[in-house]
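**Q** Here it is, the structure, as structure tokens.
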Amino acid sequence: MLNPATLLRKLGHVMVERIWRLGFAARFMSAVILYSGASFRRLPLTLREVYVSGVLSLLIILVSGLFVGMVLGLQGYETLQRFGSTEALGIMVALSLTRELGPVVAGLLFASRAGSSVTAEIGLMKATEQLKAMDMMAVNPIARVVAPRFWGGVISMPLLAALFSSMGVLGGWLVGVVFIGVDDGAFWSQMQAGVDFRYDIINGVIKSFVFGIAVSLIAVFEGYDSVPTAEGVSRAITRTVVTSALTILALDFVLTSFMFRGTS
Amino acid sequence: MNRTVLDLWVGFFVAIGIAALLFLALKVGNLSSAHLSETYVLQAKFDNIGGLKVRGPVKSAGVVVGRIADIKFDPASYEAVVTLQVDGRYQFPKDTFASIYTAGLLGEQYVGLDVGGDEKMLKAGDTIAKTQSAVVLEKMISQFLFSKAADGQDKK
């Protein structure tokens, strides 16, 4: 039976629950930052996580970067040739990749490839009470398990985004210059004239860095906060991917409105 | 997994990541070409700058010799004050003419420096005396129409 009072109570419960979780997430974040000294003193711990979330994501990042660039080359040529300015293909491909697609798509792929596995790992550790066992042995699980995974993700993400953008530019070049036959010199020179190092590339790197922090934090938090059952862990993984995707897109809008104000 | 093999992979990953950043900076971006090592500042006042933008190019004889650093409105003279950052390797005579041109029919606008014959050179912080404003298409069309109309009346 649905009477208004129960409905209202449920809504209130959901809201309070959300705010509770948000507060816990903030406390968790400060704990991760506080205890991250160990992940730099014992570098092999962090290096292993860079391997897991960075090196193992290489294939998907490189291949999708190449294909996104190739599609941009095809579609860009299709539109630009109507205006007789196919030489602008290079700058179009490069700007869309370095400013937006590189950080955002690499971030989304990173969340689903690396973020989900981090959540699953920490969630399963919690479900099998490994975290509790560490606590019993006076090993801080945040310093030993969570912080290295967080920093591994933060280090990997900007590098992956840069690789994605580079592969995309090469893909655009492959389709535009090699397959279709846009002039090679014009492709690169227009690109170099239009892409500014500080304005476009550094801002893209900053974006990918911010996305790396957000995705890694969400991934470790969802794992740490998961209900320690098989179902709970699977729900936590789903939440990681969904929340990361939404956060990346929302943050991208905020960052873009700060960085690119249409002055040029 | 053996740790040395793992280290090798992480090293490889970081190396190609940095290589990708360098590729973006040097080949895609303009860090190599447009990095003006030593620049000096010139100013020019225009009645109308049209669609001129900050960071736009400053060209002389078609070669990029600098960038537009700043555009301000001068409330005293009601003119636009454009600050130009010019490459330190190039010196221009005192009677250099600064005009606003458009690259192509619909392209971006840039400041063109047409060199005069003065012996003295412009120093850092100097203001270019002779300028020509951007061509505003509406004004040109209306002038053309008025002159046509005037021609028509003369003939009657």
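Values in this text are rule-based calculations from the coordinates and carry no lab data. Predicted, not measured: the structure shown is a model, and the values here were computed from it. Every residue, glycine as well, gets a Cβ built from its backbone with ideal geometry; the counts of neighbours run over all protein chains shown.
**Q** If we keep just the residues of the stretch B:73-87 that are of a type in the set (G, A, S) and farther than 17 Å from B:V111 by Cα, which is surrounded by the fewest Cβ atoms within 10 Å (Cβ to Cβ)? Quick ask: steps written out before the conclusion?
**A** First, the residues of the stretch B:73-87 that are of a type in the set (G, A, S): B:76-77, B:80.
Remaining after also requiring farther than 17 Å from B:V111 by Cα: B:76-77.
Numbers: B:A76: 5, B:S77: 10.
Checking each candidate, the answer is B:A76.
**Q** Is it the case, given these coordinates, that A:V169 is more than 21 Å from A:V210 (Cα to Cα) and out of contact with any Ser or Thr (no Cβ under 7 Å at 6 or more places or on another chain)? Outline the logic, then answer.
**A** Details: more than 21 Å from A:V210 (Cα to Cα): yes; out of contact with any Ser or Thr (no Cβ under 7 Å at 6 or more places or on another chain): yes.
Yes, satisfied.
**Q** Where in the stretch A:43-100 are there helices (runs of 4 or more DSSP H), lying wholly inside it, with at least 2 residues that are out of contact with any Ser or Thr (no Cβ under 9 Å at 6 or more places or on another chain) and over 21 Å from A:V205 (Cα atoms)? Reasoning before the result, please.
**A** Values: elements: A:43-53, A:58-80, A:89-95.
Because the criterion is at least 2 residues that are out of contact with any Ser or Thr (no Cβ under 9 Å at 6 or more places or on another chain) and over 21 Å from A:V205 (Cα atoms), the helices (runs of 4 or more DSSP H) in the stretch A:43-100 that meet it are A:43-53, A:58-80.
**Q** OK, next. Evaluate the stretch A:177-194: report whether one residue or more is part of a loop (DSSP other than H, G, I, E, B), of a type outside the set (D, E, K, R) and touching a residue at least 12 places away in the same chain (Cβ under 8 Å). Lay out the reasoning, then the answer.
**A** Going through the stretch A:177-194, the residues part of a loop (DSSP other than H, G, I, E, B) turn out to be A:181-183.
Among the residues that remain, those that are also of a type outside the set (D, E, K, R) are: A:181-182.
Next, from what is left, pick out any that are touching a residue at least 12 places away in the same chain (Cβ under 8 Å): A:182.
The answer is yes; a qualifying residue exists.
The rows are residues; the columns are (1) of a type outside the set (F, W, Y); (2) surrounded by fewer than 23 Cβ atoms within 10 Å (Cβ to Cβ); (3) farther than 26 Å from A:F211 by Cβ.
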position	(1), (2), (3)
A:L74	yes, yes, yes
A:G90	yes, no, no
A:V93	yes, no, no
A:V105	yes, yes, no
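**Q** Can you list the strands (runs of 3 or more DSSP E) lying wholly within the stretch B:18-102 that have 1 or more residues being more than 11 Å from the chain's Cα centre (by Cα)? Lay out the reasoning, then the answer.
**A** Values: elements: B:39-46, B:57-60, B:63-74, B:79-87, B:97-102.
Ranges flagged: B:39-46, B:63-74, B:79-87, B:97-102.
**Q** Would you confirm whether any residue within the stretch B:141-155 is touching a Phe, Trp or Tyr at 6+ places or on another chain (Cβ under 6 Å) and either more than 26 Å from A:R261 (Cβ to Cβ) or not hydrophobic (A, V, I, L, M, F, W, C) (or both)?
**A** Taking every residue of the stretch B:141-155 in turn, none turns out to be touching a Phe, Trp or Tyr at 6+ places or on another chain (Cβ under 6 Å) and either more than 26 Å from A:R261 (Cβ to Cβ) or not hydrophobic (A, V, I, L, M, F, W, C) (or both).
**Q** Here is a further query. Looking only at the stretch A:216-224, decide whether some residue is in a helix (DSSP H, G or I), within 14 Å of chain B (Cβ to nearest Cβ) and among the polar types (S, T, N, Q). I'd like the intermediate steps shown before the answer.
**A** Initially, the stretch A:216-224 is screened for residues in a helix (DSSP H, G or I), giving A:216-224.
Going one step further and asking which of them are within 14 Å of chain B (Cβ to nearest Cβ), we end up with none.
Within the stretch A:216-224 (the criterion being in a helix (DSSP H, G or I), within 14 Å of chain B (Cβ to nearest Cβ) and among the polar types (S, T, N, Q)), the answer is no, since none of the residues qualifies.
**Q** Determine if the stretch A:149-160 includes at least one residue that is within 14 Å of another protein chain (Cβ to nearest Cβ), without any contact (Cβ under 8 Å) to a residue 24 or more places away in the chain, assigned to a helix (DSSP H, G or I) and not hydrophobic (A, V, I, L, M, F, W, C). So that I can check it myself, show each step before the final result.
**A** Initial filter on the stretch A:149-160 (within 14 Å of another protein chain (Cβ to nearest Cβ)): A:151-160.
Right, trim to without any contact (Cβ under 8 Å) to a residue 24 or more places away in the chain and you get none.
So far as the stretch A:149-160 goes, no, none of its residues is within 14 Å of another protein chain (Cβ to nearest Cβ), without any contact (Cβ under 8 Å) to a residue 24 or more places away in the chain, assigned to a helix (DSSP H, G or I) and not hydrophobic (A, V, I, L, M, F, W, C).
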